[in-house]
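Contents: one structure, followed by commentary.
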Amino acid sequence: GQQLNQSPQSMFIQEGEDVSMNCTSSSIFNTWLWYKQDPGEGPVLLIALYKAGELTSNGRLTAQFGITRKDSFLNISASIPSDVGIYFCAGLPQGGSEKLVFGKGMKLTVNP
Amino acid sequence: EPEVTQTPSHQVTQMGQEVILRCVPISNHLYFYWYRQILGQKVEFLVSFYNNEISEKSEIFDDQFSVERPDGSNFTLKIRSTKLEDSAMYFCASSEVSGNSPLHFGNGTRLTVT
C-alpha cells in the first residue's frame, strides 16, 4: 500500500529558530495535509494542499505540495515554545481512495 | 469554530467485552471516519462512512468492528469482543466532501483493554 516517509523523526531547536520537515512517497498523492498533535489530543489541521506546486502559508507555517505530487514540506519560522508537539503529514492517494495515509510524525522540541 | 466531539475520553474494558465509542461530527459534514493510533505509532485508517453506509474500510476493520449513524448527529464505532491489541486511541473525523476538503479530528477516545 501507499506509504509516507516523514523526516526527520525528531528535532530539538532553540526558540526563534526555523524548522523544516518533509514527507515523500513513491506513489502520487492528490491531497497533502499537515497536522499537529499535542499529547492526549487529536490531530489538528495546520495546512491543506490540493494542487501540485501549491505553496500555502498559515501564520508562521508554510507548506508546499511537490510538483511531482510525491512529496510535501512544512516550514515553521521563528519557533516558539508552544510549537512543541508531533507534526504529521497525511495524504490522499491518487485513485479516489478516501483513506488518509499518515506519516510516522516528527516530534518537535523547542528550548526556550 | 465547530468541532468533532468524542465520548468517552477514556474507556477501560475487559477482554471479550463489547465497547461503543461515540462521536458527534461537525454538523454540515457529510463524510465520517474512524482512525486509530496505537501508542507511539502513526494514525491508521479504519473506515469511512457516507450516505448511511460504509464507503471504504481497511484490513484492520474486520467483523468485530461496526459503525452506525443512529440519528442525525451521532456516529458510533462498536467493537464486539475486544482484544488486548485493540488498545489504542480511536479518533473520529469528518469532512464536508471527500477528497477536496480536509478531515477534522476529534480529541479521541483512549481505549484500554485489560
Condition check for A:E17: at pLDDT 95 or above and part of a loop (DSSP other than H, G, I, E, B): yes
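Yes/no per residue for (1) facing another protein chain (nearest Cβ under 10 Å); (2) within 14 Å of A:A90 (Cβ to Cβ); (3) among the β-branched types (V, I, T):
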{"position": "A:Q6", "(1), (2), (3)": "yes, yes, no"}
{"position": "A:S10", "(1), (2), (3)": "no, no, no"}
{"position": "A:G16", "(1), (2), (3)": "no, no, no"}
{"position": "A:P43", "(1), (2), (3)": "yes, yes, no"}
{"position": "A:L49", "(1), (2), (3)": "yes, yes, no"}
{"position": "A:T56", "(1), (2), (3)": "no, no, yes"}
{"position": "A:Q64", "(1), (2), (3)": "no, no, no"}
{"position": "A:R69", "(1), (2), (3)": "no, no, no"}
{"position": "A:S72", "(1), (2), (3)": "no, yes, no"}
Any hit, region A:57-71, residues being closer than 18 Å to A:K107 by Cβ and of a type in the set (D, E): no
Check on A:S97, modelled with pLDDT of 95 or more and either within 25 Å of B:Y33 (Cα to Cα) or more than 12 Å from chain B (Cβ to nearest Cβ) (or both): no
Per-region count, region B:72-100, residues free of Cβ contacts under 8 Å to residues at least 40 places away in the same chain and under 23 Å from A:W32 (Cα atoms): 2
Filtered residues of region A:100-112 (kept if in contact with a Gly (Cβ under 9 Å, 6 or more places away or on another chain), of a type outside the set (K, R) and within 11 Å of chain B (Cβ to nearest Cβ)): A:L100, A:V101, A:F102, A:G103
All positions within region A:10-38 that are over 23 Å from B:R36 (Cβ atoms) and of a type in the set (A, V, I, L, M): A:M11, A:I13, A:V19, A:M21, A:I28
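The values are calculated or read from the model by the stated rules, or taken from the named source; none is laboratory data. Values in this document were obtained by computation on a predicted structure and should not be read as measured data. Please note: Cβ atoms are built from the backbone with ideal geometry, for glycine as well, and neighbour counts cover all protein chains shown.
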